[in-house]
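See below for the structure under consideration.
The values are calculated or read from the model by the stated rules, or taken from the named source; none is laboratory data. Keep in mind that what you see is a predicted model, and the values were worked out from it rather than measured. FYI the Cβ positions are ideal-geometry reconstructions off the backbone, even for glycines, and counts take in every protein chain you see. Accessible surface areas use protein heavy atoms only, side chains included; no ligands, DNA or RNA. Shrake-Rupley method; radii C 1.70, N 1.55, O 1.52, S 1.80 Å.
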Amino acid sequence: MSVPDTMRGVVLTGFGGFDKLEYRIDLPVPRPGPGEVLIKVGAAGVNNTDINTRIGWYSPSVEGSTAAGGSGGFAEAQGEGWSGTQFTFPRIQGIDAAGRIVAVGEGVGQTRIGERVLVEPALRRANGMTDFFGSECDGGFAEYAVAPAAHSHAVRCALSEVELASFPCAYSTAENLLHRSKVAAGERVLVTGASGGVGSAAVQLARRRGAIVTALAGASKHRAVADLGASEVLDRHAPLENNAYDAVIDVVGGSGFGQLLQALRPGGRYASSGAIAGPLVELDLRTLYLKDLTLFGCTALDDGVFASLVGHIERGEVRPVVCATFPLEKIEAAQRVFLEKRHVGKIVLTVDSASPAR
């Protein structure tokens with residue numbers, strides 16, 4: 001197919017409120033360089049990281065929860081992105097992207113043209129550093145996106161691109177949390193924020209491993225979370241049994257952190273990839289060392305995690321949980337609904353006008 005010179009997309013112009021999201025119809029279509037592919041994006045998921053970046057939440061000077069600055073941003077934010085380096089503008093965000101390869105750069109076989117792909121969010125570079133799609137480089141909130149060929153994974157299944165776009169960031173993050181904390185069959189696992197993208201993925205993927213899952217979620221979401229495979233669903237503010245769990249998968253943080261460590265059995269593992277309730281927590285070091293606990297921070301994906309996830313998708317071992325879709329130009333409305341936290345699963349933007357909405 002022929003590739004146009006310009007495209008539609010959303011550009012982030014600075015840290016702050018929704019006014020920093022600029023919908024454009026005249027953006028230049030990127031061209032793939034050596035080892036890269038050009039993807040015609042069909043759909044792109046909405047994630048906490050998109051909002052956290054927009055509002056400047058990753059700056060160490062920010063101490064509040066995501067919700068506190070979700071609409072207007074944080075005035076105290078400095079210039080850091082989630083990799084800790086200076087963030088540059090303008091930027092096309094969108095860490096989740098599903099689409100088809102329409103052109104390839106030097107060194108990439110022409111046979112890849114036409115492949116339907118998911119982009120691996122964490123891009124490992126030759127220098128050992130990790131960039132993130134839609135953060136250190138432009139991402140999926142546009143009709144076309146360039147990505148490394150090695151991080152553009154062919155996916156062969158009957159799911160729509162809207163459904164596929166719900167997987168990359170949330171499910172690979174969840175799988176990485178479980179992989180790094182070595183969750184195994186028969187273990188008791190506690191998942192916080194279980195109605196969100198990463199949490200709902202963690203429930204499914206932990207159950208797939210044969211773990212016994214207790215999930216924390218708002219009361220109105222208990223049935224939906226149980227349907228994903230949780231053996232028990234508790235209110236997110238419920239008291240927890242001490243020394244009950246082999247592993248905690250946490251994306252919430254905030255004031256409940258200490259109770260999560262108390263809920264771990266001696267020798268237990270705590271893994272974190274988010275802190276929507278607040279990044280600063282109080283840690284009693286006696287709990288950490290007297291219980292021989294291990295704490296894992298999880299952002300960059302371990303080798304093989306994303307490829308394994310694609311296999312789970314193709315075999316139908318996990319299912320997409322898409323609660324709503326919005327056209328790309330309605331990104332502000334999509335982020336507002338996301339910030340209300342009333343949904344279960346993922347909110348997805350339809351980018352290609354030919355991609356069906358639900």
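Report the FRET efficiency, 1/(1 + (r/R0)^6), for residue 319 and residue 223, where r is their Cβ-Cβ distance and R0 is 25 Å, rounded to 0.05. In this case the efficiency is close to 0.95. By how many degrees, 0 to 90 and rounded to 10, does the Cα axis of helix 197-208 deviate from the longest principal axis of the chain? Taking the Cα atoms of the chain, the angle to 197-208 is about 70 degrees.
On a 0 to 90 degree scale, rounded to 10, what angle separates helix 305-314 from the longest Cα axis of the chain? With both axes taken from Cα atoms, the answer is about 80 degrees. Protein-only accessible surface at a 1.4 angstrom probe places the residues 131, 250, 292 in the order 292, 131, 250, largest first.
Over the chain, accessible surface divided per residue gives 41 Å², non-protein components excluded, 1.4 Å probe. Other residues with beta-carbon under 11 Å from the beta-carbon of residue 147 carry, at +1 per Lys or Arg and -1 per Asp or Glu, a net charge of -4.
The gain in end-to-end length when the residue 244 to residue 124 segment is fully stretched comes to 39.5 nm, 0.36 nm per residue minus the alpha carbon separation.
For the chain, the relative contact order is 18 percent, taking Cα pairs closer than 8 Å that sit 6 or more residues apart in sequence and dividing their mean separation by the residue count. Note on residue 340 and residue 6: the model spin-label points, each 7 Å out from Cα along the C-beta direction, lie 3.5 nm apart. Between residue 22 and residue 282, the simple label model (points 7 Å from Cα in the Cβ direction) yields a spacing of 4.5 nm. Among residues other than residue 22 with Cβ under 13 Å from its Cβ, the summed charge is +1 (Lys and Arg +1, Asp and Glu -1). All other residues whose Cβ lies under 15 angstrom from that of residue 128 are scored, Lys and Arg at +1 and Asp and Glu at -1, for a net of -2. Annotation: residue 220 carries an accessible surface of approximately 110 Å², with a 1.4 Å probe and no ligand, DNA or RNA atoms counted. To put it simply, the accessible area of the stretch 240-358 at a 1.4 Å probe is 50 percent carbon and sulfur. Model label points for residue 332 and residue 154, set 7 angstrom from Cα along the Cα-to-Cβ axis, are 4.2 nm apart. Considering only protein heavy atoms, what is the solvent-accessible area of residue 10 at a probe of 1.4 Å, reported in Å² to the nearest 10? About 0 Å², rounded to the nearest 10. Shown in residue order for the stretch 29-44 are the 3J(HN,Hα) couplings computed by the Karplus curve 6.51 cos²θ - 1.76 cosθ + 1.60 at θ = phi - 60°: 6, x, 10, x, x, x, x, 10, 10, 9, 10, 7, 7, x, 7, 9 Hz (x for Gly and Pro).
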